[in-house]
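Here the structure is laid out as C-alpha cells; the discussion comes afterwards.
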Amino acid sequence: MKRFLTLMSVCIALCLSSCSDSASPEPGCDCANLSFEEEREIRDDALESVYGTPGINYEFGSAEAEADVRRAIDAIAAVAGFSGTVMVFDCGVAETINAFALPAATIVFHEDMVRAAYATGQAYADYLVHRSRQRFRNQVADALIDIQTFTVEEMEFNTDNLSEEGRRLACEMLAGVAAHEICHVRSCHFHKRLCNAAQTNSDFERSRFSRAQETEADTSGASYLLQGMRADIDGPLQPRGLMLVLEMLDIITDLRGESFIPWLSTHPDPKLRKLAVGEYFSRNGVNSELFQ
Ligand SMILES: [Zn+2]
C-alpha cells in the first residue's frame, strides 16, 4: 500500500496576522493562538484518525502526473504567497475524489482527485472538438464512476492516452482546487472550525467548514487565478480550471447525488457555486463560460 509525500516540505510558522475578520474565533476562544507545532499536532491527529497514518511517502505512478501536480501547486503557491505542505494520499487509503485543507498550512489531495481532473480535462479537450455538452457530461460521469469504484491495482496512473490539451486542462483544474484550499488556510477558516469542534465537543476532522466559508474560498480562489492568468496568459492559472472543477462536482451531484461523494453535502450546490464564480469572473472582465 502506498502512502503520501510532502510535495513542498517547507513548514514555517504561518503568519496568523493574515486572518480575515470572518474567521476570527469566538471571544474567549484561544484557537487562534495555537503555535505552529500545536497546529501540526492537530493535523497529524486528524490524518491518523482518518487514514490510520500521519503520512510519510507517496510515489506517483507516473512522472507526468507528478510534474502536472507540481506545476499546478507551484504556480498557485507563488501567486498566493503560500508556503506550506501539500500531501497526496493514494486511493488505497483514501477512496474518494477529494481534496481539503488542514491546520499547519497543509493541503491534502486524494489521488482520485488527480485522476478525476485528468478524466474531466480530457473530456473537455474532446468537447472542444465535438461541441456536445451532453457527450462531455456522459464521458465525465462514466470516468468518475470508474474512479470511484475501482481499486488501486486496477487504476494505475496512465497519462499515455491523454492529449497535451487534456493534460493542460487537468493541470488548470488542480490549480483551481489548490487555490480554493489555500484560501481556507489563508483565511484561517480552521480557527472557526476548531472553535466549533471545541464548543460542540466533536472531533475536529468531523467538523466542516461553513457554506459561507466555502463560497469565500471559491471567490478568493478565483481572484488568485485571475492574478495568475494576467501574470502569465499561457500558465496553469486559468478561470476555466475552477469552472471545470465545479462542472465536475455538478456532474457528480446530478449523477448520483450526494451519496456518491458524501462531503459534497456540506458544500453549496455546485450549480450555485458555478454561477457565483462565473459572475465574479465576468465582473472582472473575463468570460468563463465553458460551453459557448
Ligand atoms: Zn472548501
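Every read-out reported here was derived from the displayed coordinates using simple, explicitly stated rules and does not represent laboratory data. Everything quoted here is computed from the prediction, not taken from an experiment. In this analysis, Cβ positions are derived from the backbone assuming ideal geometry, glycine residues included, and neighbour counts consider all displayed protein chains.
Observations, loosely collected:
- With a Förster radius of 41 Å applied to the beta-carbon distance between SER35 and LEU272, the computed FRET efficiency rounds to 0.65.
- Local net charge near ARG168, Cβ-Cβ under 11 Å (Lys/Arg +1, Asp/Glu -1): -2
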